[in-house]
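Below is one structure, written out as structure tokens; the observations come after it.
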Amino acid sequence: MGIGVDRGVEVHFARRARTAWIGTFFVCVLCSYFPCAVSTRAQEAPAEEVRSDRRPVLITVDDLPIAGGLHREPEERARITDAMLEVLARHNIRAVGLVTWGNVNGPADIALLKKWLAAGHELGNHSHRHLSYTDTDVETYLTDIEHARGKIADLLSEHQQTLRFFRFPMLREGSTTAKLDAMREYLRESGQRNLPVTLDNQDWSFERPWARAVAAGDEQAIEQVAEAYHESLHLSIRHHERTGDQIFERAVPQILLLHAGSVGAAQWDRLFKWLADRGYRFADADEVLADPAFAEPHAYVGRRGPGLWDRILTQRRHQQARQEIETLIERQVGAWNRGDLEGFCADYTEDTIFISPSGRSQGREQVLERYRKRYPDRSAQGTLSIDVLDFKGHDGTEVSMLGDARPSRIHSVSVVGRWTLEHPDDTSRETATGLTLLVFERTQDGSWKIVRDASM
Ligand SMILES: [Zn+2]
């Protein structure tokens, strides 16, 4: 049955957003610049006690050597790189830098990547052309990734290092299950691990306004962009922090996404101080990824690229919805088998639509009436069972005011099942069986109700 459930796009407003800041921020978000970078670093081993009560965070820097197309002069690229490395060193951070090989312009840029290695950072693969996996076929995408892998692995081998990490451009890991699986298989076979992001944010969107303000020498604009940059990052970090902590009911380690550019080079010192004041300590990839939170499986499929906690949250929501629906179906079957047709129909909405080869009933009362006529007594009712053959929770993509893609709640569920009616005490009646498509919607009190039932 073609009962459609629309995937809505919702806009959620960050609760702590301040009106004064919104205007400034929107200017930044609307710019067309679209890179992505991450860096990570581990603090020098602090005393054991200090370690235990501070939350580890891995810093990752995407789109190395320099994100986007703004800074083309080799001297400027070197100056920005030196500034980024200096602030990372000042905070004893060992980052993971993700290289977009298409951003590497000849020997001068290779020299910049070597500076990252010499400073003790690790480099990973962030593709060649920074393609959106959502909009690219698997073969083209894999060819692009593999090309970059070969180049970066060669560079690392000169430094006796092995390439370990890959990060999806724009965090888009697959818009279909087949695409998700294809990349997972490729990464496994090529010895690369997907390096997820837990603290997703829009830091990249500040690069252009920052560069423009600096080029103009406009002190007021520089200050405004800096304030908006920090405000935006603080909001994103607090949000994702809360999501992860609620899922795991503890302070889980985090992986922060940053991008290689001039705004970061100028603002990371203040950002890292804020993180330290917030109770973080900078940790390396091995320590952070060893946390069991990063081993929780998920199979998130979507066009956009949300952070890891949102993916895991979605997986858990689907599991919970399935459990709730199965409980509901068991309760219905129990009611039927007690001869309680009213109880059986209680989980239909008042305006439900029921269709079968014999026609269409509209509304719970009509459905109940139909059952009463068709199955007037216990002998006719027999013993019902329903096997769930397929379950699908329907969710969509929300976009936060900060511009982050975020999976929505599950608003509806469709179930394909096989129903069977047996009459063990009445051999004159044959067993009847057929298929059903049930569509459930979540009601205001959070419970599920059947809005459509197509049984045949
Ligand atoms: Zn990127």
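Could you provide, to the nearest whole Å², the per residue accessible area of the chain with probe 1.4 Å? Each step should come with its number before you reach the end.
Working: 20870 Å² over 456 residues.
In whole numbers, the chain has 46 Å² accessible per residue.
When only the Cβ of Lys, Arg, Asp and Glu is charged (+1, +1, -1, -1), the dipole of the stretch 314-455 relative to its Cα centre reaches about 200 debye. Just report the Cα centroid separation between the stretch 260-311 and the stretch 176-238, whole Å. Using only Cα atoms to place each centre, the spacing works out to 11 Å. Note on the chain: with neighbouring protein chains present and a 1.4 Å probe, carbon and sulfur make up 48 percent of its accessible heavy-atom surface. For the stretch 228-316, trypsin sites (Lys or Arg not before Pro) meeting the loop criterion (DSSP other than H, G, I, E, B) and having at most 13 other Cβ atoms within 10 Å: 250. Report note on the peptides 408-419, 433-444: ranked by the mean count of other C-beta atoms within 10 Å, highest first, their order is 408-419, 433-444. Placing a label point 7 Å from the Cα of residue 426 along the Cα-to-Cβ line, the residues of the stretch 329-364 whose backbone N sits under 16 Å from it are 336-341. Sites listed here are GluC sites (Glu not before Pro) in the stretch 207-314 whose DSSP assignment is loop and whose Cβ has at most 12 other Cβ atoms within 10 Å: 249. For residue 259, the amide hydrogen comes within under 5 Å of the amide hydrogens of 37, 62, counting only partners 5 or more places away or on other chains and with H modelled in the peptide plane. Of the residues 128, 279, 182, the one whose Cα sits farthest towards the positive end of the charge dipole of the stretch 14-305 is 279 (charges of +1 on Lys and Arg Cβ, -1 on Asp and Glu Cβ, taken about the Cα centre).
State to the nearest 20 debye the size of the charge dipole of the stretch 14-305 about its Cα centre, where the only charges are +1 on K and R beta carbons and -1 on D and E beta carbons.
Details: 35 positive and 42 negative charges, 88 e Å.
Charge dipole of the stretch 14-305: 420 debye, to the nearest 20.
Based on alpha-carbon centroids, what's the gap between the stretch 349-366 and the stretch 131-146 in Å, whole number please? Result: 47 Å between the Cα centres. Remark: spin-label model distance residue 110-residue 287 equals 3.4 nm, labels positioned 7 Å along the Cα→Cβ axis.
The residue among 259, 221, 148 whose Cα reaches farthest toward the positive pole of the charge dipole of the stretch 14-305, with charges on the beta-carbon of Lys, Arg, Asp and Glu, is 221.
For n ≥ 4 DSSP H runs only, could you compute -39500 (n - 2.57) per run for the chain, divide by its residues and tell me the 222 nm figure to the nearest 500?
Values: 14 runs with 192 residues, N = 456.
Computed ellipticity for the chain at 222 nm equals -13500 deg cm²/dmol.
Between residue 299 and residue 360, the modelled labels are 3.4 nm apart [label points 7 Å from Cα along Cα→Cβ].
A Cβ-based charge dipole, computed about the Cα centre of the stretch 399-456 with Lys and Arg at +1 and Asp and Glu at -1, lands at about 380 debye.
In this structure, residue 385 and residue 83 have a Cβ-Cβ separation that, at R0 = 51 Å, corresponds to a calculated FRET efficiency of about 0.15.
Applying a threshold of 27 Å to the alpha-carbon distances of 114/179; 115/179; 179/392; 392/449 flags 114/179; 115/179 as lying beyond it.
With everything on Cα atoms, drop me the angle between helix 364-374 and the longest principal axis of the chain, reported from 0 to 90° to the nearest 10. The angle comes out near 40 degrees.
Can you tell me what share of the DSSP beta bridges in the chain is antiparallel? A percent to the nearest 5 is fine. Kindly include the intermediate steps, with their values, before the conclusion.
Details: 35 of 62 bridges.
Antiparallel bridges: around 55 percent, rounded to the nearest 5.
Near the amide H of residue 394, within less than 5 Å, lie the amide hydrogens of 411, 412, 413, 414, all on another chain or at least 5 residues away, with H placed in the peptide plane. In the chain, if the dipole is taken from +1 on Lys/Arg beta carbons and -1 on Asp/Glu beta carbons about the Cα centre, which of 107, 332, 191 is farthest to the positive end? Farthest along the dipole direction, towards plus: 332. One chain, two ends: residue 158 and residue 250. Fully extended at 0.36 nm per residue, the span grows by 29.0 nm beyond their Cα-Cα distance. Among the GluC sites (Glu not before Pro) in the stretch 125-203, those placed in a DSSP loop whose Cβ has at most 13 other Cβ atoms within 10 Å are 158. Note that the stretch 191-208 has calculated 3J(HN,Hα) couplings of x, 9, 10, 5, 8, x, 10, 10, 9, 6, 6, 10, 4, 4, 6, 8, 5, 5 Hz, one per residue in order, obtained from phi through the Karplus relation 6.51 cos²θ - 1.76 cosθ + 1.60 (θ = phi - 60°); glycine and proline are x.
The values are calculated or read from the model by the stated rules, or taken from the named source; none is laboratory data. Note that the structure is a prediction, hence the values are computed from the model and not measured. Neighbour counts run over all protein chains shown; Cβ positions are idealised from the backbone, glycine included. Please note that ligands, DNA and RNA were not included when accessible areas were found on the heavy atoms of the full protein model with its side chains. Shrake-Rupley method; radii C 1.70, N 1.55, O 1.52, S 1.80 Å.
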